[in-house]
Every structure is written in structure tokens, then in C-alpha cells.
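Working notes for the structure below.
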Amino acid sequence: MGSDLEASSSSSLFQSPAVKEDTPLLGSANPLSSQPKTFANVFIAIVGAGVLGLPYAFKRTGWVMSLLMLFSVAFFTYYCMMLLVYTRRKIESVVGFSKINSFGDLGYTICGSPGRIIVDLLIILSQTGFCVGYLIFIGNTMADVYNSPTATDLSPKILGLAPKVVYVWGCLPFQLGLNSIPTLTHLAPLSIFADVVDLGAMVVVMIKDVLIYFKQSPSVEAFGGFSVFFYGMGVAVYAFEGIGMVLPLESETKNKEKFGSVLGLSMAFITVLYGAFGTLGYFAFGEDTKDMITGNLGSGLISTIVKLGLCINLFFTLPLMMNPVYEIVERRFWGGRYSLWLRWMLVFMVSLVALLVPNFADFLSLVGSAVCCALAFVLPSLFHFLVFKQEMDVKGWCVDIGILVLGVVLGVSGTWSALVVIFSVKE
């Protein structure tokens, strides 16, 4: 969810007809944030729907392996976020370049137009990928609540169609309306609502997991084998995606010397929360853990409220997540002006892709590997290396190049692993 913040810092520019490639994405001045507010903003920017697929990833990879992957990804994500901060500080202090507010600005400053194009493309792919995941969740969850298979009807249909198809297409006209709203200002209250629902649902799910575990205590595996390692890494990288928010947040922090500590504390808290959520979900249901943990909650009143609340949350979060995509696409293809038909076309394409992907967690792994690895690991280490290479010793060179290579390996291998799983499920 991090790119929402990056987009909000550049919203006024993208809507201007006089947009230029080398124009920094400056936004209006905002009050500087205290340390508690920065902590909360980091939490809001990172924690999203990806957490719902963690218990299933724990089932596939084993709970010990999953915890090790979560903590490793959290550490490297934090390290690469700070690489971006240090890189921007270096450029602004030495070159005297005007304020760099976004990931795309940094890419342009270091690598010119290709740098911004690559960052923009990856942000488009990641944001639309998140939205595809949202629609998959909504479609599958609504089908689970209202059209679950029964003893007399193992494959329920609505007007001859699979329930998921009906619910995804049913969202389309309403999403076309919501995505027609031109600015983030009118959508801001939806973000607050979405985050409150997310946190509340996580708490309810974990409490139910504990109660269920003490009743049935299913067998669990600690390690799932090397063959599923890259699959699990993709889900973990997806869950921690938020690299686009770090520069806007650091700009808005009152005490910038403490920003690294606050960011690290927030990341540590999120990691512990993710680890607890994934472990409890897997321990409660074992091999029966579904790709969306909400599918294991049964049909009680509280479970139904949680499921519908999450669906409403993601339904209203989708236009927020698409906003950075609109800003980039409208700047590239419509001179920075508002374009209704471009927005509607993108929403239609996202809906279409959501119908083609059967499994929520598998899709998280695909997006995390194919896109988020490049955003979170490859580009930050590359930008830092290009700016600091004259000053770094051999150790510094090895660290930057090592993270870059790691990001590429995880991205390629994880993408292949996720595609194999997705196509095997479809078959």
C-alpha cells in the first residue's frame, strides 16, 4: 500500500498539463510528523491484504522456514529502505538537486528517463497486481459466504456461472464509478476505514485461531523443503511491500535523525505481528489451511462479519491503490490530464485478470516475486551503488551487489515457482 503515499506527494503535478520528465514530483507542504505518527504511517503503508495469505504460505513452506523467511525479508526490506534514504540525502547534499520526493524522482536523477520509466512500470505492475488480488479475495469470499458447496450441490452456480465470476463482474460498475474520482483527497476517509477493518479482522482471526488450536491441535510441519522456498519468499516480499512510501514519509518526519530507528521499530512490530498471524493460522488448521485464512473460519455470525468487513475494506481500498497507476499512465499517455476512458480500461483489465487466477496466495507469490523483488531489493541497491561507488570499500561493493543479485535470483526463481503452482492448480 506504500505507493499511495508516493502518489499523494505528486498528485498535483500529474494533473497538470505542463508535466516534464525532469520535473520533481513536488506536493504541497504538510505538517511534519512526530515519531508516533511516523510509526503509525509505516504500519498503515505496509500492512494490507497480503497478510491473509500468510497461513497458507506457512502450510506450504513449514512454519519454521516461513518464520525465518519473514524475518529475513523484513531485515532486507528495512535495509533497502534506508539505502533509498541515504541515497537521496547524498544527492541533495552534493548535487544541490531540487527536492526529491518520490522513488521515480530518484530513478530519474540517477539514471535519467530510463530510471523513471523502470520505476513507473514496476509501480504500475505492483499496484494493479494488488488490485487483482483484492478482486480475487472479494470474489472467493463472497462465494464462500453465500454460495458454499453443499451435500446436494457440490458446484453451485449463479445464472449458470461460477459465483466468483458473478461477484467480480458485479463489482465492475461500482468500481468504474469509484475510480472516476479524480483526486486522492476525496478518497482519504476510505483509507482510514480500511486500515481499522484490517487490524480488527487480524485480531479476531488470531483469537479464533487460538481457540480452535486448543480444540483440535492438528499436525504441522516445520520445514516444507527447498522446492517451495522461493514460493514462500514471494509471499513474504509481497506482504512487506512498501518501498514506495519511505521517501515521502522521511520527508514528512520532524526528527529525521530518528527516522531510521522509528522505521526499524515499526518493521519489527509488523514482522512479529505477521509471524504470529501466520503461525497461529497454520497451527489452528494444519493441512486444511486454505489460501485465504478467512475460508477456514466457518459460517458463524462473527466469521461472516469479518469476511464481509474485509470485502468492504478491499472494495473501497481498490481505487486508492489504482490512483498511482492513473497518475503515471495519464502523465505518460494523456499529457498529465484526467482521462476517464483510460481509467475505465485499466479497471476492466484488472477485473479480467482476477477471473483468470484461481488462488489468492499463489497470486501473492507471483506478484511478490515478479515485481516486488525488483522494487524492494534490486533498484534500491542499484541506485545506492551508482551514487556511492566511488566512496565505498570492497565490503560496501559486495553488500550492494550481493543484494542486487539476491533480488534478481529471488525474482526469477520465485516467479517460475509461482507460475508452476498456479498452472498446476488450474489443471
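The values are calculated or read from the model by the stated rules, or taken from the named source; none is laboratory data. Only a predicted model underlies this, so the values are computations on that prediction, with no experimental measurement involved. Neighbour counts are summed over all protein chains in view; Cβ atoms, including those assigned to glycine, are modelled from backbone coordinates with ideal geometry. These accessible areas exclude ligands, DNA and RNA; they are computed on the full protein's heavy atoms, side chains included. Shrake-Rupley method; radii C 1.70, N 1.55, O 1.52, S 1.80 Å.
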Interchain or long-range residues, amide H under 5 Å from residue 253's placed H: 33
Accessible carbon and sulfur surface of region 251-357 relative to its total accessible area, %, 1.4 Å: 73
Environment charge at residue 274 (Cβ cut-off 13 Å; Lys +1, Arg +1, Asp -1, Glu -1): -2
Folded to 0 to 90 degrees: helix 340-356 orientation relative to the chain principal axis, Cα: 40
Acute angle (nearest 10 degrees) that the helix 301-333 long axis makes with the longest principal axis of the chain, alpha-carbon atoms: 30
Förster radius 60 Å - calculated FRET efficiency between residue 32 and residue 155 (Cβ-Cβ, nearest 0.05): 0.60
Set 37/307; 37/99; 254/389; 59/208 screened for pairs whose C-alpha atoms are more than 27 Å apart: 37/307; 254/389
Helix 188-216 vs. the chain, principal-axis angle (Cα, 0 to 90°, nearest 10): 40
Simple label model, 7 Å out from Cα along Cβ direction - residue 348 to residue 395, nm: 5.7
Using θ = phi - 60° and Karplus 6.51 cos²θ - 1.76 cosθ + 1.60, couplings along region 376-387 (whole Hz; Gly, Pro as x): 7, 10, 5, 5, x, 5, 5, 4, 5, 4, 5, 7
Within the accessible area of region 102-247 (1.4 Å probe), percent carbon and sulfur: 72
Peptides ranked, highest mean first, by Cβ atoms within 10 Å: ranges 217-226, 46-55: 46-55, 217-226
Rounded to the nearest 20 debye, dipole of the chain from Cβ charges on Lys, Arg, Asp, Glu: 300
Residue-normalised accessible area of the chain, expressed per residue, 1.4 Å probe, Å²: 41
Burial ranking of peptide ranges 78-90, 161-173 (average Cβ count within 10 Å, highest at the top): 78-90, 161-173
Sequence of 214, 39 from largest to smallest accessible area, 1.4 Å probe: 214, 39
Rounded to whole Å, sorted largest first: equivalent-ellipsoid semi-axes of region 273-427, Cα gyration tensor: 33, 26, 16
Peptides ranked, highest mean first, by Cβ atoms within 10 Å: ranges 362-370, 199-207, 289-297: 362-370, 289-297, 199-207
Projected label distance in nm at residue 39 and residue 272, using a 7 Å step from Cα toward the beta-carbon: 1.1
